[in-house]
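What follows draws every value from the coordinates through simple rules; no lab data is involved. Please read all numbers here as calculations on a predicted model, not as lab measurements.
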Amino acid sequence: MKKIILTFILSILTLTGIRACDICGCGVGSYYLGILPDFSKRFVGLRYQYKTLQSHLGPHGTTSYLTTAETYQTAELWGGWNLGKRFRILGFVPMNFNSKSNQGIVQRQSGLGDIAVIGFYNLLDKQQTVGNGKLLVQSLWVGAGIKGPTGRYEQAAKQAGGESPNNYQLGTGSMDFTMNVMYDVRLMDAGINANLSYKMNTTNHYDYRYGNKFTANILAYYKFRVREKLTLAPDAGVLYEAAAKDLDAGMQMDISGGHTLMGTVGAEVTMGKISIGGNFQPVINQSLAEMRVKAGNRMMIHTTVLF
């Protein structure tokens, strides 16, 4: 079992070396899982994500009359279903609200994004007593997913971009695939949660292919049991994203790809069957699209019903 787990994780890390991701974290580049609600059977909820970036930057990130401020907001219906003790399905239905502003002129677009489904298998679910009777709990889920081309992709928007990344889209226009690993270890009420994902993009009908993308985040948390049915769990950690260069008709697009490293601080509150949470993600380090793009801080909030 340990060899299987190690092989799966190493395979993802090896793939990231082949193709280091579209502009990380914004627009069609969005992919974030985070800490899932603590559910035994099913959950359904809403998530809201807010992200910004600046494009058309000059050398060394200097701004000019061409510099554009872009905002990406997503309202996402998401849910999970445990099938027995070994299988889990997660689904995501996003509505995207994009805008960009340059010299007082604002453009907006909104609509359905790319719907995704991920299936997981539980490789490890272990509870044991250690030390002075303390409970150690571990779980490891591995999975694979598919993302459909349900969001609108506009070829004209890409052509009008010129020296801008092809990021201002509601969807990629392609069928894409993911590999995922979720690991959680908890000693009594203190725990660590880690997620790895690798997104493999295909070429859309316009012969455009977004760069494959690797996402990893690790969070430390502590569960304060305030009352019998009230739990507060603050968390803090880091999020890393890396993306390969995009390809347009087989030609590499210089204004694409790169990496970001972000901090994460947040909290989850569970009140019986209701879970509420959120986080703030400040930028620690970044190098995007040959330094022609600069990402801003992000935030995410959610409300979820467990049943």
Cross-link candidates for residue 51: which lysines have Cα within less than 25 Å, leaving aside residues fewer than 8 places away along the same chain? 100, 147, 158, 199, 213, 245, 294
Measuring from the lowest to the highest alpha carbon on each principal axis, how far does the chain reach, largest first, in angstroms? 63, 40, 34
So which lysines pass the test for residue 126, namely a Cα distance under 25 Å, with those fewer than 8 places away in the same chain ruled out? 2, 3, 41, 85, 134, 223, 229, 273
